[in-house]
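Okay, structure first, notes after.
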Amino acid sequence: MHGPVSAAWSLVALCAATGAYCLLRMRSAVEEQRRSAGGEALMGFGMAAMAVPAAAFTPPGWAWPVYAAVFGLAALRALWAARRDRHHLHHLVGAGAMAYMAAAMAVAPPAAHSMEGMSMEGMHGGTGVPAVTGVLLLYFTGYVLLSGARLVPAAVAVGGPPPPARWGDRPELARACRLSMAIGMVAMLVTM
């Protein structure tokens, strides 16, 4: 990512905190929570690692192909899981976006081997937004808007069902995590 270093560290903190919460969700008594939490934790920590400013740490050249391979495998796993639950299609898009960004970093000139130093001209040899980046930006922006609207509290009926006993099983917290990662993804894609 290029831009203010404080914004990059804020993104690192947001993504790392989201990844940590998703690790806690893996202990849930609800099977679906456990199933999706692992992939979301990987996304959170991967996004945090990719957003670290180059002034603090510049990954070695071999790291970007490894990131691309890890997220490519995560995308295949999400594709397989999408047979059972279409929610995993979002995981597929997210892992694919991470693999795309890591692959772009792998082919970038050595001077640009951090998200902080990337520019559209240096990465793609021309001007303008590449089609894949544009489609991913549209998807994640739409996801942010829809997810944010779903988090707006609705009128609670008196005598409605009680909230889950464990805070890790609360679906609104899982949605808030997905929302924060989608916001982070928009920030990363905008700065590519």
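The values are calculated or read from the model by the stated rules, or taken from the named source; none is laboratory data. Since the model is a prediction, treat every value here as computed from it, not as a measurement. A quick note on method: Cβ atoms are made from the backbone with ideal geometry, for glycine too, and the neighbour counts reach across all protein chains shown.
Contact map, region 165-183: residues that are under 16 Å from Leu136 (Cβ atoms) paired with residues that are modelled with pLDDT of 70 or more and of a type in the set (Ser, Thr, Tyr), Cβ distance under 6 Å, separation 6+ or inter-chain. Pairs shown: Met181/Thr18; Ala182/Tyr143. The condition of being surrounded by fewer than 22 Cβ atoms within 10 Å (Cβ to Cβ), within 22 Å of Ala104 (Cα to Cα) and at pLDDT 85 or above holds for Ala48. Quick one: would you say Gly3 is among the small types (Gly, Ala, Ser) and modelled with pLDDT of 90 or more? Answer is no for this residue. Does Thr133 count as at pLDDT 60 or above and among the hydroxyl-bearing types (Ser, Thr, Tyr)? Here the answer is yes, as Thr133 does meet what is asked. Restricting region 13-45 to residues that are surrounded by fewer than 22 Cβ atoms within 10 Å (Cβ to Cβ) and among the basic types (Lys, Arg) leaves a set whose member that is nearest to Gly94 (Cα to Cα) is Arg35. State whether one or more residues within region 76-90 are in contact (Cβ under 8 Å) with a residue 60 or more places away in the chain and buried (at least 19 other Cβ atoms within 10 Å of the Cβ). Among the residues of region 76-90, at least one is in contact (Cβ under 8 Å) with a residue 60 or more places away in the chain and buried (at least 19 other Cβ atoms within 10 Å of the Cβ), which makes the answer yes. Filtering Ala41, Ala20, Ala56, Ala75 for residues that are more than 16 Å from Met188 (Cβ to Cβ) and either in a loop (DSSP other than H, G, I, E, B) or modelled with pLDDT under 85 (or both) leaves a single hit, Ala56.
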